[in-house]
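**Student:** Please see the structure below; I have some questions.
The values are calculated or read from the model by the stated rules, or taken from the named source; none is laboratory data. Note that this is a predicted model, so its numbers are computed, not measured. Here the Cβ positions follow ideal geometry from the backbone for every residue, glycine too, while neighbour counts run over all protein chains shown. Note: areas computed on protein heavy atoms with side chains; ligands, DNA, RNA excluded. Shrake-Rupley method; radii C 1.70, N 1.55, O 1.52, S 1.80 Å.
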Amino acid sequence: MSTVVMSQVRAARRLGSTFVGVSLRLALLASVAGCAAEKSEPIWSLSGATMGTRYNVSVVGGDEADAKALQQRLDERLAEVNRRMSTYDPQSELSRFNAGDSTDWFDVSAETASVVQSALELASASEGAFDPTVGPLVNLWGFGPDKRRDEAPSDGDIAAAKARVGFAAVEARLDPPALRKATPGVYLDLSAIAKGHGVDAVAELIAEAGYAAAMVEIGGEVRAFGAKPGGKPWRIGLEKPESGLTHSLQEVIELSDRSLATSGDYRNFFEVDGRRYSHTIDAATGRPVTHNLATVTVQATTCRDADGLATTLLVLGPTAGYDWAVGRGVAALFVSRTDDELIERTTPAWERPADHPGTKP
């Protein structure tokens, strides 16, 4: 029986036409579809390009025609999410909002308003550790769509970018759905939560289509429901946070009716004069985080929540992040590095994640 192995890899910049940010991108290395031949019900593997990465779906049941029809619906749904929230599509709702100078309410879809509201709620709960307006700093440090840096930006450039950052300058309302900015220069980027939302959107579509079991992964963010043939849970392998080409497992997690997301710092960084600069930017300082937390993995009911929470905890670090997670019942696995070893630390909720949805931090 094969295991799905998730490699903790963050792309150095956005690929294709959509999201990036401060959360870790994981790459799917092995498929569960190898189990299909052993069971009475088939497992269909569907994949394609989306959000600057790829989606991978394993769905139980149906026939080949059903699988092809489902894949078309998944592609259409993900294209819809991109048209609403991509910062690479100049005509997307989010891009048009960012480009505008008006401080009046800007009409958007209910979906976009909901994701932005979730991002702002998490930003408030974490006192800005999670900040959906941090994009100007991420781009300045060379971790966005622009050219990679080979030196740290100047203090003046950091201050100028930091002046455009601040989640309090954005409002979202659900009825009627709209966004508003307090200052024209605000740049809203949902990359640290939108992939998780995309996973949820796909999983919900599959369930509505009548399938009882599936696993959905986009850029390493995962949601699984039901069980594989034989009643066995989906198995997700988390790779050790090791630089270079080394790939070994840190943990194997059985996932059923849950979501999983990981953020980390060890694949996407640059070094200058022996100093390492991580892609994870602290909006409070305008600079990469400097703690020794390598990765954080979060389990939650929705992948939107898991995605955002993992980023939040990575920014907060191994001590403040752990305390924040424990206080809110977040199911999280922290992996910190020392000079010669990796140290795991789990929150109490990690042992019984189903009892701690983690949906309202």
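**Student:** Which ranges mark the strands (runs of 3 or more DSSP E) fully within segment 1-115 that have 2 or more residues being at pLDDT 95 or above and either of a type in the set (Phe, Trp, Tyr) or within 25 Å of Ser263 (Cα to Cα) (or both)?
**Tutor:** Ranges flagged: 43-50, 53-60.
**Student:** From the list Ala207, Ala178, which one is over 27 Å from Glu64 (Cα atoms) and touching a strand residue (DSSP E or B) at 6+ places or on another chain (Cβ under 7 Å)?
**Tutor:** Result of the check over Ala207, Ala178: Ala178.
**Student:** Filter the helices (runs of 4 or more DSSP H) completely within segment 296-358 down to those with at least 2 residues that are open to solvent by less than 50 Å² (accessible area, probe 1.4 Å) and among the β-branched types (Val, Ile, Thr).
**Tutor:** Ranges flagged: 303-316.
**Student:** Starting from segment 183-194, take each residue that is farther than 14 Å from Thr280 by Cα and list its partners that are part of a loop (DSSP other than H, G, I, E, B) and among the acidic types (Asp, Glu), counting only C-beta distances under 7 angstrom and pairs at least six apart or across chains.
**Tutor:** Between residues of segment 183-194 that are farther than 14 Å from Thr280 by Cα and residues that are part of a loop (DSSP other than H, G, I, E, B) and among the acidic types (Asp, Glu), the close pairs are Pro184/Asp101.
**Student:** For residues that are modelled with pLDDT of 85 or more and either in a strand (DSSP E or B) or crowded, with 22+ Cβ neighbours inside 10 Å (or both), tally how many sit in segment 256-289.
**Tutor:** Number satisfying all stated conditions: 12.
**Student:** Now for a different question. Does Ala172 meet the test of being in contact with an Asp or Glu (Cβ under 6 Å, 6 or more places away or on another chain) and assigned to a strand (DSSP E or B)?
**Tutor:** no
**Student:** Residue by residue through segment 116-143, note down the ones that are part of a helix (DSSP H, G or I) and at pLDDT below 95.
**Tutor:** Passing the criteria: Gly135, Pro136, Leu137, Val138, Asn139, Leu140.
**Student:** Is at least one residue of segment 239-255 under 23 Å from Glu127 (Cα atoms), at pLDDT below 95 and out of contact with any Gly (no Cβ under 9 Å at 6 or more places or on another chain)?
**Tutor:** Scanning segment 239-255, I find no residue that is under 23 Å from Glu127 (Cα atoms), at pLDDT below 95 and out of contact with any Gly (no Cβ under 9 Å at 6 or more places or on another chain), so the answer is no.
**Student:** Would you check which residues across segment 41-72 are of a type in the set (Ser, Thr, Tyr) and either touching a residue at least 60 places away in the same chain (Cβ under 8 Å) or open to solvent by 70 Å² or more (accessible area, probe 1.4 Å) (or both) and list them?
**Tutor:** Selection gives Thr50, Thr53, Tyr55, Ser58.
**Student:** Among (1) modelled with pLDDT of 95 or more; (2) of a type in the set (A, V, I, L, M); (3) open to solvent by less than 10 Å² (accessible area, probe 1.4 Å), there is one condition Leu188 misses while meeting the rest; what is its number?
**Tutor:** (1)
**Student:** Being closer than 24 Å to Tyr55 by Cα and assigned to a helix (DSSP H, G or I) narrows it down to one of Ile206, Ile236, so name that one.
**Tutor:** After ruling out the rest, the residue left standing is Ile206.
**Student:** Next question. Among the candidates Ala203, Ala163, Ala194, Ala178, which residue alone is hydrophobic (A, V, I, L, M, F, W, C) and open to solvent by 10 Å² or more (accessible area, probe 1.4 Å)?
**Tutor:** Going through Ala203, Ala163, Ala194, Ala178 in turn, the sole match is Ala163.
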